[in-house]
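Here's the structure we're looking at; comments come further down.
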Amino acid sequence: MALIALIACFGKISGGHFNPAVTIGVSLCGRLSLKATILYPVVQMVGGLLGAALTRAIQPPMSYIDNVYYFENGVTVIGKDVKPGWAVFCEGLITFFLVLTYLMCTMEKKKTNWLLSSLAIGFIAQANILAAAYITGGSMNPSRSFGPAVCMSVFTKNVWKHHYVYWVGPIVGSALAAFVWRCLNWQWSCSLLPK
């Protein structure tokens, strides 16, 4: 629900980029400058760190110690019996659906209805989180995983064991979504050509 509200509020200003995977996808579609492609992820990473630090500051330390499932504290780690390769696949797949939904709903800037787009993006994010909760935590966002990992490193080093999953999966999923969007966009533009 927070994602829906934030995209609805900031979509017209920044495109509602709260996720480096979304930024990469938009950039690969040729709709973002090189400067924004570099700066957005930096700001997103800082935001992830600040959000996680604030959460850790508010919650008592005992809530972090001896907790088998770190998901409740904002940390994403792969499930106990999940192999890293499948975790990368899972994060890639759910990020693919998230970024493709974003691209399909928002790339026509003049026609974009940010309220409806934010609902579609929020719903797919929620569906992805529910689907992947016990596999990877359903991150789809490297900055969302990085911030809590940094803040939880004091309590456990396990957060770094398979942290690459939350970078490789979303980046590959985002690139595939951009490729599919470009193919679909090319197909539509070709069908509009006079015969």
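General remarks:
- Percent accessible area from carbon and sulfur atoms, the chain, protein chains only, probe 1.4 Å: 71 percent
- Local electrostatic count at residue 163 - Lys and Arg +1, Asp and Glu -1, tallied over other residues with Cβ under 13 Å: +2
- Rounded FRET efficiency, nearest 0.05, which uses the C-beta distance separating residue 157 from residue 126 and R0 of 35 Å: 0.70
- Gain on full stretching of the segment that runs from residue 1 to residue 80 - 0.36 nm per residue minus C-alpha separation: 25.6 nm
- Spatially close lysines, pair count over the chain: Cα under 19 Å, gap of eight or more or interchain: 8
- FRET efficiency, 1/(1 + (r/R0)^6) with R0 30 Å, evaluated for residue 180 and residue 13 via beta carbons: 0.65
- Each helix, a run of at least 4 DSSP H residues, gives -39500 (n - 2.57); summed and divided by the residues of the chain, these come to -22000 deg cm²/dmol at 222 nm.
- Choice from 13, 135, 124 showing the highest fluctuation, given a GNM over the chain with Cα pairs closer than 10 Å: 13
- Working from Cα pairs under 8 Å separated by at least six residues, relative contact order for segment 96-195 is 36 percent.
- Compactness of segment 84-195 is given as radius of gyration and Dmax, 16.7, 65 Å, from Cα positions.
- Stretch gain in nm, segment residue 33-residue 58, where the contour uses 0.36 nm per residue and the Cα spacing is subtracted: 5.3 nm
- Under the span-like rule (Cα at least 24 Å along the axis, Kyte-Doolittle mean at least -0.5), DSSP H helices of the chain: 34-58, 84-106, 114-132, 165-191
- Diffusion constant of the chain at 25 °C, which comes from Stokes-Einstein with the Kirkwood Cα-pair radius and 0.890 mPa s, µm²/s: 141 µm²/s
The values are calculated or read from the model by the stated rules, or taken from the named source; none is laboratory data. Please read these numbers as outputs of a predicted model, since none were measured by experiment. Every residue, glycine as well, gets a Cβ built from its backbone with ideal geometry; the counts of neighbours run over all protein chains shown. Heavy atoms of the whole protein, side chains included, go into the accessibility calculation; ligands, DNA and RNA do not. Shrake-Rupley method; radii C 1.70, N 1.55, O 1.52, S 1.80 Å.
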